[in-house]
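Novice: Before we start, here is the structure in question, set down as structure tokens.
The values are calculated or read from the model by the stated rules, or taken from the named source; none is laboratory data. What you are looking at is a predicted structure, and each value in this text was computed from that prediction instead of being measured. With ideal geometry, Cβ positions are generated from the backbone for all residues, glycine too; neighbour counts draw on all protein chains shown. Remember, those area values only see protein heavy atoms, side chains included, never the ligands or the DNA or RNA. Shrake-Rupley method; radii C 1.70, N 1.55, O 1.52, S 1.80 Å.
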Amino acid sequence: MQNKNRFKRLVKNNCACYLGAKHGISNYCCLQDSPCVFFAQDDGLPRCTYFENGVLPMDEKLDQEYTSERNVKTEFKTAQPRVNCQKCGTAFSAHSNRQKYCEKCRDKNANEKTKLRMRQIRKKQA
Ligand SMILES: [Zn+2]
């Protein structure tokens, strides 16, 4: 993770939970009551809910990099849009705004399409 220093800088400058040298302590997270995960010695990029929701959005570019690298936006960050299924009317969380049907109906649709396709193939063969 080549950009970890940028995350560290963002935490240092903007995270309300971060306490550093200014406070006579090093890289301390008062939310976790332990050292800030971004200053751990391993190379991986850690997860911190507070950081992702409250600090990262301040740096749009870094936010985008983080999101594309971790692909966390849908599961973790933004609320998924609630959509009513066009077929059965059930409310569900859409993964994209192109999604029109709930999972059940989507499976059903796929099955029906497959069935139709198979029927046509059989017709041709007959
Ligand atoms: Zn449905």
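Novice: Per residue of the stretch 116-124, in order, report the coupling 6.51 cos²θ - 1.76 cosθ + 1.60 (Karplus, θ = phi - 60°) as ³J(HN,Hα) in whole Hz, putting x for Gly and Pro.
Specialist: 4, 4, 4, 4, 5, 4, 4, 4, 4
Novice: Of Lys124, Lys12, which has the most accessible area with a 1.4 Å probe, and how do the rest follow in descending order?
Specialist: Result of the area sort, largest leading: Lys124, Lys12.
Novice: When the distances between all Cα atoms of the stretch 4-77 are binned every 10 Å from zero, what whole-number percent does each bin get?
Specialist: Using 10 Å bins, I get a P(r) of 19, 55, 23, 2 for the stretch 4-77.
Novice: Rounded to two decimals, what is Rg over Rh for the stretch 82-125 when you use alpha-carbon atoms and the Kirkwood radius?
Specialist: Computed over Cα atoms, the ratio is 1.18.
Novice: Search the structure for amide H atoms under 5 Å from the amide H of Cys85, placed 1.01 Å from N in the peptide plane, and list their residues when 5 or more places away or on another chain.
Specialist: Residues meeting the criterion, in which the H sits 1.01 Å from N, are Thr90, Ala91, Phe92, Cys102.
Novice: By the scheme Lys and Arg +1, Asp and Glu -1, what is the net charge of all other residues having a beta-carbon under 12 Å from that of Gly44?
Specialist: Here the charged neighbours net out to 0.
Novice: Right, here's the next one. Mind grabbing the accessible area of Leu31 for me, 1.4 Å probe, Å², rounded to tens?
Specialist: 100 Å²
Novice: Report Asp43's accessible area, 1.4 Å probe, all protein chains in place, as a number in Å² to the nearest 10.
Specialist: Its accessible surface works out to 120 Å², give or take rounding.
Novice: While we're on this one: Please work out the FRET efficiency for the pair Lys4 and Asn53, using the Cβ-Cβ distance as r and a Förster radius of 25 Å; give the result to the nearest 0.05.
Specialist: The pair Lys4/Asn53 has a calculated efficiency of 0.80.
Novice: With a 1.4 Å probe and all protein chains left in place, how much accessible area per residue does the chain have, in Å²?
Specialist: Result: 73 Å² per residue.
Novice: So, taking all protein chains as they sit and a 1.4 Å probe, how much accessible area belongs to Glu69, in Å² rounded to tens?
Specialist: Rounded to the nearest 10, that gives 110 Å².
Novice: Moving on to the next point. Let me check something: with ligands and nucleic acids excluded, how do Arg106, Arg98, Arg70, Arg122 order by accessible area (1.4 Å probe), largest to smallest?
Specialist: So the residues, ranked largest to smallest area, are Arg98, Arg122, Arg106, Arg70.
Novice: Just the number, please: carbon plus sulfur as a percent of the accessible area of the chain, 1.4 Å probe, no ligands or DNA/RNA counted.
Specialist: It is 48 percent, rounded to a whole number.
Novice: Can you give the Kirkwood hydrodynamic radius of the chain from its Cα pairs, in Å with one decimal?
Specialist: Its Kirkwood hydrodynamic radius stands at 18.2 Å.
Novice: Give me the extension gain from Lys113 to Lys22: residue separation times 0.36 nm, minus the current Cα-Cα distance, reported in nm with one decimal.
Specialist: Once the chain is fully extended between Lys113 and Lys22, it gains 26.4 nm.
Novice: Here's a follow-up. Anything over 24 Å Cα to Cα? Flag those among Lys87/Lys115; Lys8/Lys61; Lys87/Lys113; Lys12/Lys61; Lys100/Lys123, in the order listed.
Specialist: Result: Lys100/Lys123 exceed 24 Å.
Novice: From the phi angles alone, apply the Karplus equation (6.51, -1.76, 1.60; θ = phi - 60°) to the stretch 51-65 and give each ³J(HN,Hα) in whole Hz, x where the residue is Gly or Pro.
Specialist: Coupling constants for the stretch 51-65: 4, 5, 8, x, 10, 4, x, 5, 10, 4, 5, 5, 4, 5, 4 Hz.
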